1. Give the long-range amide H neighbours of His90: residues separated by 5 or more places, or on another chain, with amide H under 5 Å away, using H modelled in the peptide plane at 1.01 Å from N.
2. What area, in nm² and to one decimal, does the C-alpha convex hull of region 20-141 cast on average over all directions?
3. Show the residues, 5+ positions off or on another chain, whose built amide H is closer than 5 Å to the amide H of Glu74.
4. What's the extension gain from Met1 to Arg47 if we count 0.36 nm per residue and subtract their Cα-Cα distance?
Amino acid sequence: MKKLLSILVIGIFVFLPLSVSAAKIEGTCEKSEDCPDDVCQSICTIRVTGNTSTIQEFEGDLVFTPADGGEIVEVQAGEDFTNLSGNDAHISFIAANGTGVTASSFTLAKVILNVDKDVVGCSLKLTNPSVGTEVKIDVEVTEEVNTGATLPIAILACGVGAGAIIYAISRKNKKLYKI
């Protein structure tokens, strides 16, 4: 009886998956600081990670918050998909190759937003996705980063200046002595 029970327990561990993983939807949005006419452009990238199945089609709804703070301008399907819905807030994609996407990680879409310059705390939400779960993507402001790239040039200029001063002083104090 113990032998049968241990074979049954081992069989359960062998045939049951040790972990269940489902596709996860992730995204990033970056709002540019360059805002002509007080409207900034934001580019959002929506990715699928952890995919373990074949995805033939994808549908979902994009919601920009706050609704009066901007608008969805363009929806571009990832390279593995064809956009069937145009630039609507309801997106509908179909696999470009006809057989489906089996990659574990891929770009699903790029969404271009026009966001009012003064709007902060805005987000893009993907609701009712046919794969994965809903995701809220905060729009981050990209800032010009001062990298200090001019610092080596300043140090070099100071070194050349110091070298010139040392050379001038040493030439002035050079005397020839006759013995």
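1. Distant-sequence amide H within range of His90: Leu62.
2. About 7.2 nm², averaged over all directions.
3. Sorted by chain and number, the residues that satisfy this are Ile112.
4. Working it through step by step, the gained length comes to 11.4 nm.
Read the figures in this text as sums done on the coordinates, not as results from a lab. Here the structure is a predicted model, which is why all the values come from computation and not from measurement.
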